[in-house]
Amino acid sequence: MSPHFRLPVMMHALRPIRLVMITAVAAVTTAMFVTGCADMMVERADPALQKAAVNRDAVNVAATDIDPIMRGTVASETSLVGFDPLVVRGYGIVVGLRDTGSRQMPSDVRAFLSQELAKRGFGSGAPGSPKMTPQELLNSSDSAVVIVEGVIPPGAPKGSRFDVRVTTAPGTSTTSLEGGRLLVADLRPGPLYTGSRQPFPLAEGAGSIVINPFVEPNATQRDTINRSSGRILDGGLLSKDMKLKLRLQTPSHSRSESIQNTINTLFPLESKQKDQTAHGRSGETIDLTVPPSYRTRTGEFAELVRHTPLNVENAEQTAMAIRRSLLSNPGAAGAASWRWQALGKRALPMIQDLYEYPEEQPRFAALNTGAKLNDMLAVAPLLQMAHTSDSITYRTESIKLLGRMGVNAEIELGLRELLDDPDVEIRLAAFEALDKRRDPHIIGIEMGKKFVLNIVPSKYKMIYVSQSGQPRIVIFGEDVEVKRPMTLYTWSGRLIIKADEGDKLLEVFYRERPETPAVVDRVKPDMSSLVGYFARRPTPDRPESGVNFTYSETISALHELWRLKYIACDFRAEQDRILAEVLRDDKGEKDLRPEFMVEDGNSESDEVGPRSISEIGATRGSDLETASVGSGLDAAKARKDTVPR
């Protein structure tokens with residue numbers, strides 16, 4: 001087996017993507033962080049590529065094709081069903097636009113949305129219901145009909161969240177969705193329908209739209225960005241469990257019962273878990289229920305199930321056999337670590353001496369296992385790898401593992417030092433790990449329900465913004481502020497910020513619309529005060545000044561200040577990190593891989609063979625990998641999508 005592993009990197013827009021070959025650490029780590037859909041792609045894969053993927057997977061189903069290190073596991077006798085991402089979509093209504101919406105729409109769409117709005121109480125006169133009638137809302141130039149698309153993460157339980165994409169519907173004349181908010185919209189699998197043929201909804205989409213945060217809002221004639229589409233971070237809410245199943249390659253009631261009992265031994269019934277983790281429905285199929293503790297780690301759960309030993313006795317001997325196989329073939333590091341994890345803490349005495357093994361692949365396989373099983377003996381070697389390894393991948397993955405381990409002051413002290421590391425990837429990984437551990441050195445401020453502002457102590461000044469999942473602005477360095485003298489004139493004159501040499505405050509002029517009164521305030525120049533002012537909405541209870549910017553408007557204003565060199569620091573967006581990883585991996589061997597498969601019918605009809613789940617997707621991420629800071633969310637260029645034109 002090659003000591004390299006293929007890490008899927010989903011690329012923005014619908015086109016064939018390339019797999020890059022990276023060191024075997026990715027085999028140990030990326031497969032383990034399957035916390036949702038690999039990347040929030042909303043485009044459907046090319047049918048020919050889907051067919052090729054099906055044919056490829058069919059070859060892998062036979063037990064004889066199982067890697068030797070996987071023999072004697074659940075994966076050697078079963079195939080996992082239902083672990084493909086599922087595209088859902090629906091029609092919705094965006095409100096809160098600044099006269100950039102449209103009353104135009106196809107008649108069938110208008111009739112459908114009128115019924116949906118009536119169901120939600122619009123115009124009913126009931127206490128607490130919206131006063132506008134459905135037709136008044138649909139005829140407003142401050143609203144727009146959109147198509148909402150999202151990808152439900154594989155195996156996700158009810159209540160899971162995911163990003164959604166919003167696009168102006170065909171047949172409308174909406175010019176911009178900037179500043180808009182999507183009302184609750186039902187999301188269904190399959191093509192868009194407006195009549196009785198619609199399947200039952202699986203999820204809902206709602207929330208504030210993030211559009212192209214790095215150019216001027218509403219300046220549609222002054223940039224080349226497609227402002228008719230955007231994203232709602234964590235805007236999708238799953239209303240039904242996405243079931244996982246195991247299908248026996250050789251149907252047998254006795255074998256099905258044996259596998260079921262083995263899985264339930266590894267995953268006993270948890271509090272508030274209604275059904276057993278594994279429930280044999282027949283001699284051919286076993287239903288799987290994701291335990292509550294794996295709610296956000298469905299991929300990790302699936303890998304542990306697949307690597308569960310069929311014979312739970314003699315765990316120590318099995319762990320030693322896996323060790324011997326790994327040392328003779330370091331390329332099996334990923335499978336070895338999963339198998340040790342499935343054995344549980346009984347495997348630890350057999351691998352702890354590998355924490356100091358000279359070769360990095362076996363060493364990291366053992367450390368990964370130790371961290372996942374919360375073995376505190378792994379802390380010091382992981383910190384050493386995070387600080388000294390020549391591989392950026394080993395360093396960042398070691399930091400992630402430390403972030404998920406139990407209480408240990410040594411971890412916090414070691415990770416804080418990495419906030420001053422020269423490599424931006426290491427600083428970001430250290431911040432995320434410390435934030436996950438709720439370290440008091442990381443300051444977090446909730447900006448209403450819009451986003452989180454983090455202040456991070458570091459000698460390297462930087463602004464970092466997220467573009468998937470939790471909206472977040474992170475300020476590295478406690479003394480980042482706007483330089484003076486300065487004058488910022490942007491957003492077609494709606495936002496002006498100025499200050500003279502020696503001024504302690506910035507003068508801010510903002511007008512929401514050309515016809516509305518202007519707001520003039522004086523604001524402190526430090527980033528915490530300025531971001532708070534941008535996001536804050538004054539209320540009678542909290543009359544502090546503010547201009548109520550959206551998340552994307554706040555980022556846009558900060559980016560414009562940075563672009564004009566009024567903020568002396570680095571500026572990074574989330575896609576920069578993914579692009580950096582792509583460029584690193586691009587040095588290796590490449591292979592053509594189709595984008596994820598999407599079914600049109602019942603999710604039970606698609607089967608995933610014994611290949612690693614990580615080939616479907618490693619982490620819950622974004623489809624912004626190929627974008628630069630200045631490109632925004634969606635470039636206005638020809639590309640395939642699911643929206644009929």
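The values are calculated or read from the model by the stated rules, or taken from the named source; none is laboratory data. These numbers come from a predicted model, not from an experiment. Cβ sites come from the backbone with ideal geometry, for glycine too, and all protein chains shown count toward neighbours. Please note that ligands, DNA and RNA were not included when accessible areas were found on the heavy atoms of the full protein model with its side chains. Shrake-Rupley method; radii C 1.70, N 1.55, O 1.52, S 1.80 Å.
Packing here is the average count of other Cβ atoms within 10 Å per residue, and on that basis the peptides 318-331, 176-189, 153-166, 501-514, highest first, run 153-166, 176-189, 318-331, 501-514. Phi angles across segment 476-489 convert, under the Karplus curve 6.51 cos²θ - 1.76 cosθ + 1.60 with θ = phi - 60°, into 3J(HN,Hα) values of 8, x, 8, 10, 6, 8, 7, 6, 10, x, 7, 8, 10, 10 Hz, Gly and Pro given as x.
What is the Cα centroid distance between segment 250-276 and segment 111-130, reported in whole angstrom? Comparing the Cα centres of segment 250-276 and segment 111-130, I get a distance of 46 Å. Protection proxy ranking, highest mean first, for peptides 553-561, 516-524: 553-561, 516-524, where packing is the per-residue count of other beta-carbon atoms within 10 Å, averaged. Centre-to-centre separation between the Cα atoms of segment 519-576 and those of segment 373-413: 35 Å. On the beta carbon distance between ALA568 and THR133, with R0 = 41 Å, the FRET formula returns roughly 0.20. By a 1.4 Å probe calculation restricted to protein chains, ILE445 has an accessible surface near 60 Å², given to the nearest 10. For segment 338-417, the square roots a ≥ b ≥ c of the C-alpha gyration tensor eigenvalues yield an a/c of 1.5 or more together with a/b not exceeding b/c, which makes the shape oblate. Split the accessible area of segment 284-430 by element, probe 1.4 Å, and carbon with sulfur accounts for 50%.
Past 21 Å, Cα to Cα: identify those pairs from LYS483/LYS524; LYS243/LYS450; LYS243/LYS274; LYS400/LYS436; LYS240/LYS450; LYS372/LYS449, in the order given. Flagged as over cut-off: LYS243/LYS450; LYS240/LYS450; LYS372/LYS449. Among 231-240, 308-317, sorting by the average number of other beta carbon atoms lying within 10 angstrom of each residue, highest first, gives 231-240, 308-317.
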